[in-house]
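Only one structure is covered here, and it is reproduced in the block below.
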Amino acid sequence: MKLGVCYYPEHWPEHTWPEDARRMKALGISVVRIGEFAWSRLEPDNRNQFQFEWLNNAIDTLWAEGLEVVLGTPTATPPKWLVDEIPSILAVDEQGHQRGFGSRRHYCFSSQEYRTECTRIVTKLAQQFGKHPAVNAWQTDNEYGCHSTIVSYSHDALTSFRLWCRQRYDSIDQLNNAWGNVFWSMEYRHFDEIDLPCGAVTELNPAHRLAFWKFSSDQVASFNKLQTDILREHSPGRDILHNYMGNFTEFDHYTTAADLDIASWDNYPLGFLDRDLADPIDQQKWFRTGHPDSSTFHHDLYRGVGRGRMWVMEQQPGPVNWAPHNPAPLPGMVRLWALEAFAHDAEVMSWFRWRQLPFAQEQMHTGLLLPDSTEDTACNEIRQLVSDLDTIGHDHQRLCDVAIVFDYTGDQICRIQPQGQNFDPLQWVMQIYTALRQSGVNIDIVPAGTDLSPYKLVVLANSISIEDGLLKRLKEFTGHTIIGPRCGSKTEEYAIPDSLPPGNLQQIIPIRVTRVESLPGFAATTSLRLAHTANRWRERIESTIEPADFFDDGWGYYYRHNNVHYLNSCLDPMSLKDFMLGRLQDAGINTIDCTEGLRLSHYGSLTFAFNYGPAPQTLQYSAEYLLGQANLAAGEVAVWCNAS
Ligand code: GAL
């Protein structure tokens, strides 16, 4: 794993760059990301009047210290002259207001004119710097979708959406049928009558909304591909990545990643806390360490998105500026987060940002240096990390017996019609992930198209509509499969399957879901024998299979057919942990109980133990520790070599 940092030479006087580069190098940094918001300095006044000299000097300065550069395309921030000249490049919100200039991500993915401008500047940049020896990778744009910017209700979006529908459906009748438009007289006579799904009196047709989500997702992918095609042509041999976000499912990341070499992501464990955890007691437990499973969930997810290649492009080094509250990490966490990333196969761990900026929006966001260039606290932890990585060595292989299939479309289907206010589809998958990780196992998070044969246990958590390919792989799979509630419950056109849920999954387990109920927070119900507590969601099943247990109103709980397990309720954390432990045992997977904030990662012959707190932990292994020791305070890490 290489160490990196995000750097903005355009924010600092040029005479300071050599000293910055020297200090980066001295700290152990070898990768520097630059340029992703610099359009107004690259093309300040007018179209095609480029100023590349400063960027050239910056890259040369970094290269003089042997630092590799990840060059960002600046398309997240179209400059003022361009916005004024072509206002239609701006995105339009649901109320029909054009997004204003003055921050970032104000463009509309569907604007052809904007795509032309992006083609122009990306081509020029790639021609100029694509073969520079320092430029080892490119980042397309920055955080697609940040600040709710995937969807736009512009005129261009409308035109493109109609075209997208035309290409997807043979005729308007077919579309009407597929969407069920006979309901409430929503039928269209022509494709040109189709509106964007906004502004209606009450709930819009979920099929219409799903189609618009898929369309918007495709727009991101084609916008990204426009850039990757140019970069590949003019900058051969360089990796191309995008920096995805945490807790974010507003477009299908797999589609975009098909044109990338690496999925990188931006990890702000304390910033994410309010989104990761609804429960204030849990938030209090982990407000200085982050949720023990949030970072690793995303490492595992993005490894899947990147077909095995994952970077952390931005990592929180101290308090950030954008969350509801911005606490300082517990001492040790900068090192701990980095070692977790390492043990989850991150190729690069890069902090955001080199130096805290004394002006503009992010002046309260810490960096590795204070605004006056003295070191902030993260630097010492990074020095420790450099020595740790030296001790641990780099040749390890991460093996996983367990895979969770993650499906962006399924996530979206549940968001469009949640059916219960407290059913958050992403949190549900994360809860399943936590329950498994609490048994000390490594987990892969994979797309539906993955070969399942290497795994002993596969979990379908949000696969709401099952594609034929996945069904085929499940039929051939010889390990154990857990199917969670709601899986298989919709067709790809957002309808209830003819055979009732779980639809085509009935080919691997003979059950029919004949009723579902969502439950308010106060209405948990406990199964009689296993004492598992169902909350939020419960399904009544008809089957020839005897359930493993019953609730007191006679509804069955948990159905098993050969190696296929159907979980028909959401469970509280303790019950879910117990349920998952049982299935890990069924699949013959070794487990180790991890209590509270203790977590394990297995990496080749090494085991890592991380204590996310709040209490100290004593490890029960008579091991020789490479790092740390048996008594781990919150924020500490131990690493040992497993007996062979
Ligand atoms: C990210 C973004 C960066 C910076 C950072 C602050 O979402 O990519 O540009 O804004 O957050 O934490």
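The values are calculated or read from the model by the stated rules, or taken from the named source; none is laboratory data. The structure presented is a predicted model; accordingly, all values stated were derived computationally and were not measured. Backbone-built Cβ (ideal geometry, glycine too); neighbour counts: all protein chains shown. Each accessible area value is taken on the protein alone, full model and side chains, heavy atoms only, with ligands, DNA and RNA left out. Shrake-Rupley method; radii C 1.70, N 1.55, O 1.52, S 1.80 Å.
Taking 0.36 nm per residue of separation and subtracting the current Cα-Cα distance, fully stretching the chain between Gln174 and Asn422 would add 85.8 nm. Between Gly306 and Ala263, the built amide H atoms are under 5 Å apart, and every one of these is 5 or more places off in sequence or on another chain.
Computed over neighbours whose Cβ is under 15 Å from that of Phe215, the net charge equals -2, Lys and Arg +1, Asp and Glu -1.
Which of the three applies to the chain, rounded, prolate or oblate, going by the alpha-carbon gyration tensor with a ≥ b ≥ c and a/c under 1.5 meaning rounded? Taking the square roots of the gyration eigenvalues as a ≥ b ≥ c, the chain is oblate.
Scanning residues 5 or more positions from Leu369 or on other chains, those with amide H under 5 Å from its amide H are Arg355, Gln356, Asp376, with H placed 1.01 Å from N in the peptide plane. Couplings 3J(HN,Hα) of the range 428-435, computed from phi: 4, 5, 5, 5, 4, 4, 4, 4 Hz, in residue order, whole Hz [Karplus 6.51 cos²θ - 1.76 cosθ + 1.60, θ = phi - 60°; x for Gly and Pro].
Overall, the anisotropy analysis places the range 402-586 in the rounded class: the square-rooted eigenvalues a ≥ b ≥ c of its C-alpha gyration tensor yield a/c less than 1.5. In this calculation the C-beta distance from His325 to Ser387 is compared with R0 = 25 Å, giving a FRET efficiency of 0.15. Among the GluC sites (Glu not before Pro) within the range 561-644, those in coil by DSSP and having at most 10 neighbouring Cβ atoms inside 10 Å are Glu624.
Rounded to the nearest Hz, the phi-derived 3J(HN,Hα) couplings of the range 84-101 under the Karplus curve 6.51 cos²θ - 1.76 cosθ + 1.60 (θ = phi - 60°) are 5, 6, 10, x, 6, 6, 6, 6, 10, 7, 4, 7, x, 8, 6, 5, x, 7, where x marks glycine and proline.
For the range 27-33, putting each phi into the Karplus relation 6.51 cos²θ - 1.76 cosθ + 1.60 with θ = phi - 60° gives couplings of 6, x, 7, 10, 10, 10, 9 Hz, in residue order, rounded to whole numbers and with x for Gly and Pro.
Bridgeable lysines around Lys25 (alpha carbons under 20 Å apart, same-chain partners fewer than 8 residues away excluded): Lys2. Using the rule -39500 (n - 2.57) for each DSSP H run of four or more residues, divided by the residues of the chain, the 222 nm mean residue ellipticity is -9500 deg cm²/dmol. Between the residues Ser111, Thr525, Ser171, the greatest Cα displacement towards the positive end of the dipole of the chain, with unit charges on the Cβ of Lys, Arg, Asp and Glu, is found for Thr525. The accessible surface of the chain, taken with every protein chain in place and a 1.4 Å probe, is 49 percent carbon and sulfur. Taking the DSSP bridge list for the range 402-586 and keeping only pairs wholly inside it, about 50 percent are antiparallel. DSSP assigns beta bridges within the chain; of those with both partners inside it, close to 45 percent run antiparallel.
Counting charges near Thr450 (Lys, Arg +1; Asp, Glu -1) among other residues having Cβ under 11 Å from its Cβ returns a value of 0. In this simple spin-label model, placing a label point 7 Å from the Cα along the Cα-to-Cβ direction at both Gln167 and Gln363 gives a separation of 4.6 nm.
Charge tally for Gln419 (other residues, Cβ to Cβ under 15 Å; Lys, Arg +1; Asp, Glu -1): +3. Using the Cβ-Cβ distance between Arg189 and Glu596 with R0 = 60 Å, the FRET efficiency computed as 1/(1 + (r/R0)^6) comes to roughly 0.45. Each peptide among 129-140, 344-355 gets the average number of other Cβ atoms lying within 10 Å of its residues, and from highest to lowest they stand as 344-355, 129-140.
Placing +1 on the Cβ of every Lys and Arg and -1 on the Cβ of every Asp and Glu, with nothing else charged, gives the chain a dipole about its Cα centre of roughly 460 debye.
Extension gain, Asp578 to His15: 0.36 nm times the residue separation minus the Cα-Cα distance gives 196.7 nm.
In loop segments of the range 557-644 as defined by DSSP, the chymotrypsin sites (Phe, Trp or Tyr not before Pro) with at most 16 further C-beta atoms inside 10 Å of their C-beta are Tyr621. Cross-link partners for Lys80 among the aspartates and glutamates, with Cα-Cα distance under 14 Å and sequence neighbours closer than 8 places in the same chain left out: Glu43, Asp45, Glu117. Checking every one of the trypsin sites (Lys or Arg not before Pro) in the range 461-565 against DSSP loop status and a limit of 14 other Cβ atoms within 10 Å picks out Arg529.
Straight-line cross-link reach from Lys214 at under 14 Å between alpha-carbon atoms covers these aspartates and glutamates, not counting any fewer than eight positions away in the same chain: Glu250, Asp252, Asp407, Asp411, Glu492, Glu493. Extension gain, Lys80 to Ala200: 0.36 nm times the residue separation minus the Cα-Cα distance gives 39.8 nm.
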